[in-house]
Every structure is written in structure tokens, then in C-alpha cells.
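The values are calculated or read from the model by the stated rules, or taken from the named source; none is laboratory data. Quick caveat: nothing in here was measured; it's all calculated off a predicted structure. Here the Cβ positions follow ideal geometry from the backbone for every residue, glycine too, while neighbour counts run over all protein chains shown. When the accessible area is computed, the model is the full protein with side chains, heavy atoms only, and any ligands, DNA or RNA have been set aside. Shrake-Rupley method; radii C 1.70, N 1.55, O 1.52, S 1.80 Å.
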Amino acid sequence: MRSAGILMPITALPSPWGIGTMGRAARGFVDFLRKSGQSCWQVLPIGPTSFGDSPYQSFSSFAGNPYLIDLDDLCADGLLDPWDYQSLSWGSDPARVDYGLLYRQRFDVLRKAVDRLWRREGQALARFLHEERDWVYDYALFMALKDHYHGVPWHQWPEALRRRESAAMKAASASLSRETAFWQGVQFLFFRQWQALKDYAAQQGIAILGDLPIYVAEDSADVWADPSLFQMDETLRPTEVAGCPPDAFTADGQLWGNPLFRWDEMEKTGYRWWMQRIAHQFRFYDMLRIDHFRGFDSYYAIPFGDENARRGRWRPGPGIGFFRELERQLGPRPIIAEDLGFLTPSVRQLLAETGYPGMKVLEFAFDSRDGGGREYQPHNYPKNCVAYVGTHDNDTVQGWCKTADPDDVALALEYVHADPWEGVHWSMMRAIWMSPADLAIVQIQDLLGLGSEARINEPSTVGHNWQWRALPGFDSPALAQRLHRQMELYERLPQAEEEPEGDAEPDSEAPAASELEVEVQGAKAHSPQAEGGKVL
């Protein structure tokens with residue numbers, strides 16, 4: 001079954017309180033998706049963000065982002081009073097997120113809600129902590145210690161706490177008990193609101209497609225809690241870090257700085273930490289995109305302390321054995337592989353062996369800086385893939401047309417038969433909707449015809465990323481109607497909306513649906529409702 005979706009970061013939803021959240025605007029966007037004939041909502045990672053505000057650099061692989069907790073819903077639950085937050089200034093520009101302002105104000109408001117939560121729902125909190133005991137205590141203490149030490153990375157904490165010596169840990173837990181209780185309560189609130197949003201989406205027939213960064217931040221509860229999983233030296237600092245080699249876009253490459261995994265040690269435990277991480281993600285999402293899939297075949301290792309990625313070298317990853325173990329332990333899962341970038345034959349072979357759908361990005365088909373070429377032209381897409389015009393790391397269509405080589409743009413416009421009257425963005429989106437790809441996803445910015453000012457992220461830059469927000473009214477009925485018509489034309493409507501074709505018996509010789517078709521249409525099977533209330 002052909003289907004379609006929209007990439008919309010939760011942070012980019014409209015809200016009077018500084019950032020998009022899991023509240024009314026999110027539910028309204030789910031309604032927009034349903035009315036416009038979409039099947040899925042792709043979001044960016046939802047973990048708590050660290051320095052730089054990137055969702056791909058999180059304090060935890062398991063926790064949720066406190067900024068996404070909706071204050072109006074807390075007020076409706078009786079955990080906040082209107083004057084606790086409505087009288088505060090949440091920024092002067094509704095089209096941008098002011099993360100500095102959020103950091104200074106949001107947590108004071110959440111403290112009031114958590115104090116009331118503990119008094120009112122102590123038993124429910126206790127049950128939550130027991131269910132999440134594998135990660136939530138470490139995370140809460142990590143955050144409490146970060147606050148206590150004024151936000152410095154954990155490798156700058158006192159030696160006994162860096163090495164998690166028993167006496168120091170007990171003393172810190174006792175002295176910071178009020179702070180750890182706050183961070184525990186924040187996670188309870190996040191999980192409750194997320195589950196409500198996920199349930200609402202399932203009721204409307206919308207699958208949530210999540211995004212899992214392959215790496216974790218060095219300054220995270222994950223690394224602090226178990227540094228033996230990572231390539232660290234005797235001082236608990238990385239020996240080499242993650243990134244990408246130089247290319248046509250970045251002469252110095254990309255220096256991400258994440259510690260690398262000790263795949264050999266992980267294999268001895270059946271990749272236990274990874275299995276727990278992926279299983280946890282499927283409690284959040286119906287489908288999961290794994291970022292930087294090629295890192296499972298081979299990964300780029302840069303000497304720790306280097307200022308750029310030029311001296312990095314490739315090292316072997318865990319390969320197909322990892323994914324066989326994943327399927328053995330968790331069963332078949334609806335996973336999408338982010339297979340962009342420089343792909344070797346061994347990466348392509350790994351993707352083929354997993355059977356996961358890869359990604360095709362239309363902008364890459366024409367941009368000579370990237371050299372993607374014909375495999376990214378829609379007429380060459382396989383069915384088992386996810387088609388994009390651009391991702392969160394790419395410029396919008398309108399921005400790309402102004403920044404790419406004019407000859408590249410001319411070729412793209414010729415290929416898609418661009419119509420100047422409706423805007424090139426519609427022509428580009430139509431190219432992937434009419435492609436053979438089982439699933440086609442467009443960025444909300446392209447649907448709105450916005451320029452580079454609406455770009456979500458520009459890799460290897462800091463200071464202006466992850467800030468863009470849509471303005472109220474972006475999800476208009478007229479836009480939903482127009483998009484719905486495109487889904488009709490290119491047969492991407494959800495199955496429930498399709499007209500039955502008479503009373504003919506099913507064709508026993510009909511080809512089986514592809515894996516991705518099954519994933520999208522069966523996404524609600526992973527919802528708590530479909531499992532009798534059990535979260536997978």
C-alpha cells in the first residue's frame with residue numbers, strides 16, 4: 001500500500017509558550033495529517049537536548065525532552081495554575097525558539113507542577129520509577145549533579161563521582177534527593193503526555209515515525225552510567241570520536257565528537273544495551289528511522305582532541321550479526337535505514353541483507369556537490385524505500401534553488417516539469433509522490449513553500465539550528481484539501497479511505513506487500529490499544 005507522511009519537528013509546532021509541545025497543537029497537527037490523507041508523522045529525536053540544542057546530542061537515550069511537556073495540559077490536569085506560566089514572557093519571535101530563555105524559565109514552572117504531582121500522585125510515580133528503574137535513577141541523579149555543578153560535563157566532576165564510587169554515589173543521592181525527585185517527576189509527566197499523544201494519533205490512523213541517533217553524547221547519563229560500553233581511556237575520556245570525512249560540502253569533514261562504541265564488548269552481551277535502547281524506542285514510536293546506518297558496517301573514527309575530521313579513518317562495525325541478534329531478541333521491527341552519504345558495496349550489501357527500506361532524497365539527484373546522481377531520481381526508486389525531497393539536514397526546496405549551482409537547478413526544474421504558477425516546491429513534491437516508493441515524506445517547510453530561513457539544520461554549524469517554528473494557521477483546511485487531492489491522484493491515501501472495487505474475491509496470485517507497506521499499515525498494531533494496554 002502506497003502511503004505518505006510529513007516531517008514536522010514537535011519543537012516547530014506553534015505555541016504561546018516558546019516552543020512546540022505535545023499538547024493541543026500536536027493533536028491539531030494529527031488532525032491535519034488525517035484530513036490531508038497522510039499515514040505517518042515523522043518527528044526528530046525527542047530526548048533532552050544538551051549544549052547546542054541538537055536533538056542528536058542528548059543527555060539520555062531513554063529520557064524525554066522536558067521542553068516538549070505541554071503547560072496548558074498540566075494546567076488542565078490541575079498541576080499548574082494559569083498565572084504560573086501565562087504571565088511570563090516566552091520570547092518575542094513566534095517563528096523561532098529561544099532556547100536560552102526556555103532554559104532560564106521552563107524548569108521553574110515545571111518544579112511547581114512536579115511538587116503538586118508528588119503530593120497528589122505519589123503511588124503512580126512510584127510505579128513509574130519501578131517500571132523504568134533500568135535508566136531513570138541514573139538519569140535523575142545525573143541531571144541533579146549537573147545542576148549542582150553548574151552544568152559542567154560529568155568528566156569535570158569530582159573523581160569519586162566520575163568513577164561512580166559507591167560511597168560518593170550514596171552521599172550524592174541522599175543530599176540531592178529533592179532534585180532527583182524533580183527530574184523523576186519530569187519524566188513521569190513526559191511519558192504520560194507522550195503516551196496520550198501517541199494514543200490520539202493511533203485513533204486517527206496516524207503512525208509516528210521516530211528517529212534514533214546512532215551515537216550518544218559524551219556528556220550523557222548513558223556514558224556516565226556505563227563507560228565500559230564506549231571507547232574510553234583510563235581517565236574516562238574518549239580515545240577516538242565520531243564524525244564524517246571531508247566531502248564536497250565540508251572540506252574539514254564533520255566532527256561530531258560522540259564517543260564510539262566498543263562493539264566487541266557489546267557483542268559478548270548480545271548487544272544488551274542496544275536491544276534495550278531499541279525496544280525502548282518502540283514504546284515511543286510505531287516506526288523507527290536509524291540514523292547513520294552505514295556506521296553499523298564501518299564507522300569513521302577521529303583521534304580525540306583533533307579540531308576537525310581530516311585525520312579520521314574507517315573501522316569495521318558489527319555488521320549483519322547485530323541485526324540478526326536484534327530480530328532474534330525483538331522480532332521483526334518496522335525500521336528504516338538512513339543510508340545516505342558515501343555508500344560502499346559492503347554498506348549496500350548490509351542494507352540488502354536486513355531488508356530494511358533505505359532513503360532516497362530528490363535534491364541529491366541533481367546537486368553536483370553531493371554526487372548522488374541517478375539512483376536518487378524518482379524513476380529509479382525501488383518500491384522498498386522512503387522518498388524525500390529533502391531531510392532536516394537539507395535546505396528547503398526554495399532555499400536549494402537559490403543556493404545550488406544554477407545548472408543543477410535547471411536540470412531539476414526540467415526533470416520535474418516545474419510549474420512556475422504553483423511553485424517549484426509542489427513540482428518537486430509531486431515527483432516523489434508519483435515515484436514507486438512505498439512511502440513518501442515531505443518536510444512541512446516545503447509544503448508551505450518556505451525558503452532557507454525555515455531550514456531546520458545546517459550540518460557543521462552552530463548558533464542558528466533547530467529554532468524554526470511554524471506560525472499559527474499553517475495547517476489550514478485549504479492546504480489539507482489540496483494535499484488530500486494529491487494523495488488521491490498518486491494513490492497514497494490510507495487504506496481506510498480507499499474505495500472498494502466491487503465484490504471481487506481476493507486474487508490469490510497477487511504479489512505480497514513489501515515490508516514497508518506492512519510497516520505503515522500495521523503501525524497501529526504496535527500501539528498500546530492494540531496490545532490490550534501493554535506498551536511494547
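Residue check: is Leu413 of a type in the set (A, V, I, L, M), more than 20 Å from Glu338 (Cβ to Cβ), part of a loop (DSSP other than H, G, I, E, B) and over 21 Å from the mean Cα position of the chain (by Cα)? Considered against the rule, which asks whether it is of a type in the set (A, V, I, L, M), more than 20 Å from Glu338 (Cβ to Cβ), part of a loop (DSSP other than H, G, I, E, B) and over 21 Å from the mean Cα position of the chain (by Cα), Leu413 comes out as no.
Residue by residue, here is whether (1) touching an Asp or Glu at 6+ places or on another chain (Cβ under 8 Å); (2) open to solvent by less than 40 Å² (accessible area, probe 1.4 Å); (3) not small (Gly, Ala, Ser) holds:
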residue: Arg272; (1), (2), (3): no, no, yes
residue: Met275; (1), (2), (3): yes, yes, yes
residue: Tyr299; (1), (2), (3): no, yes, yes
residue: Pro334; (1), (2), (3): yes, yes, yes
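Scan the range 165-180 for residues that are in contact with an Asp or Glu (Cβ under 9 Å, 6 or more places away or on another chain) and either in contact (Cβ under 8 Å) with a residue 40 or more places away in the chain or crowded, with 18+ Cβ neighbours inside 10 Å (or both) and the total you get is 2. Going residue by residue through the range 389-397, is there one that turns out to be open to solvent by 40 Å² or more (accessible area, probe 1.4 Å) and part of a strand (DSSP E or B)? So far as the range 389-397 goes, no, none of its residues is open to solvent by 40 Å² or more (accessible area, probe 1.4 Å) and part of a strand (DSSP E or B). Counting only strands (runs of 3 or more DSSP E) that sit completely within the range 199-265, those holding 1 or more residues that are open to solvent by 10 Å² or more (accessible area, probe 1.4 Å) and touching a Gly at 6+ places or on another chain (Cβ under 7 Å) correspond to 240-244, 254-259. Exactly one residue among Trp426, Trp400 is touching a helix residue (DSSP H, G or I) at 6+ places or on another chain (Cβ under 6 Å), surrounded by 18 or more Cβ atoms within 10 Å (Cβ to Cβ) and in a helix (DSSP H, G or I), and that residue is Trp400. Restricting the range 55-103 to residues that are acidic (Asp, Glu) and more than 24 Å from Arg455 (Cα to Cα), the residue that is most open to solvent (accessible area, probe 1.4 Å) is Asp77.
Among the residues of the range 460-489, those that are closer than 19 Å to Ser36 by Cα and open to solvent by 40 Å² or more (accessible area, probe 1.4 Å) comprise Leu471, Pro472, Gly473, Asp475, Pro477, Ala478, Gln481, Arg482, Arg485, Glu488, Leu489.
Does Arg127 qualify as being assigned to a helix (DSSP H, G or I) and loosely packed, with under 15 Cβ neighbours inside 10 Å? Yes, satisfied.
Of the residues in the range 439-459, at least one is within 25 Å of Gly28 (Cβ to Cβ), surrounded by 13 or more Cβ atoms within 10 Å (Cβ to Cβ) and of a type in the set (Lys, Arg).
Considering only residues of the range 296-314 that are among the basic types (Lys, Arg) and without any contact (Cβ under 8 Å) to a residue 60 or more places away in the chain, which is farthest from Leu343 (Cα to Cα)? Within the range 296-314, the match that is farthest from Leu343 (Cα to Cα) is Arg311.
Of the residues screened, Asp93 is not one that is closer than 22 Å to Gln184 by Cα, of a type in the set (Asp, Glu) and over 23 Å from the mean Cα position of the chain (by Cα). Go through (1) open to solvent by less than 70 Å² (accessible area, probe 1.4 Å); (2) hydrophobic (A, V, I, L, M, F, W, C); (3) part of a helix (DSSP H, G or I) for Ala309 and report which single condition fails. Every listed condition holds for Ala309 apart from (3). Scanning the range 149-183 for residues that are of a type in the set (A, V, I, L, M, F, W, C), within 31 Å of the chain's Cα centre (by Cα) and not in a helix (DSSP H, G or I) yields a total of 2. Could you please let me know if Tyr381 is among the hydroxyl-bearing types (Ser, Thr, Tyr) and buried (at least 20 other Cβ atoms within 10 Å of the Cβ)? In short, yes. When restricted to residues that are open to solvent by 10 Å² or more (accessible area, probe 1.4 Å) and either under 17 Å from Ile278 (Cα atoms) or at pLDDT below 95 (or both), the range 31-45 contains 2.
Taking the numbered list (1) assigned to a helix (DSSP H, G or I); (2) in contact (Cβ under 8 Å) with a residue 24 or more places away in the chain in turn, Ile336 passes all entries but (1). From the list Gly78, Gly64, exactly one residue is in a loop (DSSP other than H, G, I, E, B) and touching a residue at least 60 places away in the same chain (Cβ under 8 Å). Which is it? Step by step, each of Gly78, Gly64 is checked, and only Gly64 is in a loop (DSSP other than H, G, I, E, B) and touching a residue at least 60 places away in the same chain (Cβ under 8 Å).
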